[in-house]
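The values are calculated or read from the model by the stated rules, or taken from the named source; none is laboratory data. These figures come from a predicted structure and were not determined experimentally. Using ideal geometry, Cβ is built from the backbone for each residue, glycine included, and neighbour counts are taken over all protein chains shown.
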Amino acid sequence: MSKSNNNKAEMSFLEHLEVLRWHLVRSSIVVVLFAILIFAFPSFVFDEIILAQKYSNFWTYRVFCDFSEWLGKGDLLCMGDINFELINITMSGQFSMHIMVSLIGGLILAFPYLLFEIWKFISPALADKERKYAQRLIFSGSILFAVGILFGYFLISPFSVQFLGNYQVSELVKNQVTLGSFISTVTTVTLACGLVFQLPLIIYFLSKVGLITPEFMRKYRKHAIVVTLIVSAVITPPDIMSQILMSIPLLILYEFSIFVSKRVVNSK
């Protein structure tokens, strides 16, 4: 074990907590800085990103419409503007949503740095070869998170907004959706997808400490399918299309995680 590893091993519990505290402080500062940057551009963040899914010219809707025409189905897959009006019913509602969106955006943009801080905290206890693997995991985790965010924003969230926004039990009932409800739907689904896409990274660490093996994951594959469907139903609104779109990448990630676990076990 290297000298730095010995020093880390000799640290007391309180000293470890002090080190962890500073990692958390630096992480929080980076999140806040990104949040301030996002807060400074409300028109772009809300009009071009958050509220863009309300209108038919959103990228995903245009792609599906073009695909429908390419198949010769006319406007079968085209989606129009959503039939509801966004309203704010509290004095501080818009300001609160501005702060919340800024913090969530700051967390998303700072996520690679958060993984870096986690690596900095655990790296003194790792061997040189393990540090190299950990560095790759930071890059992989950042890529998976970004893919998950994009997947949630461009696929799951638009279909959720379309389904819930246009759903009516009667023509006599008009939809008036609060700003907080709309933003909560978009941000929750998008952020949940980014976190769910961290499954291979989680499986890596669980395999590293011996809690998960590829044989265990293969044995309970059928159970994993059921759990995947449940998770998809929880993090997506109650429409079948969103749940199917969420289930497919989760199952692919599960199979990839088996491969990751096998590599970890073989390396031991």
So GLU69, is it at pLDDT 90 or above, on the phi < 0 side of the Ramachandran plot and surrounded by fewer than 16 Cβ atoms within 10 Å (Cβ to Cβ): no
Residue in region 221-237 that is touching a residue at least 40 places away in the same chain (Cβ under 8 Å), surrounded by fewer than 16 Cβ atoms within 10 Å (Cβ to Cβ) and either within 22 Å of GLY80 (Cβ to Cβ) or not assigned by TED's automatic domain parsing to the domain that holds ILE82 (or both) present: no
Qualifying residue in region 165-178 (condition: touching a strand residue (DSSP E or B) at 6+ places or on another chain (Cβ under 9 Å), surrounded by 19 or more Cβ atoms within 10 Å (Cβ to Cβ) and either outside any helix (DSSP H, G or I) or modelled with pLDDT of 90 or more (or both)): no
Some residue of region 54-69 being closer than 24 Å to ALA110 by Cβ and of a type in the set (Gly, Ala, Ser): no
Every residue from region 44-96 that is touching a residue at least 12 places away in the same chain (Cβ under 8 Å), of a type outside the set (Asp, Glu) and in a loop (DSSP other than H, G, I, E, B): TYR55, SER56, PHE58, LEU77, CYS78, MET79, GLY80, ILE82, ASN83, PHE84, ASN88, ILE89
Any hit, region 179-192, residues being under 15 Å from ILE252 (Cα atoms) and in contact (Cβ under 8 Å) with a residue 12 or more places away in the chain: no
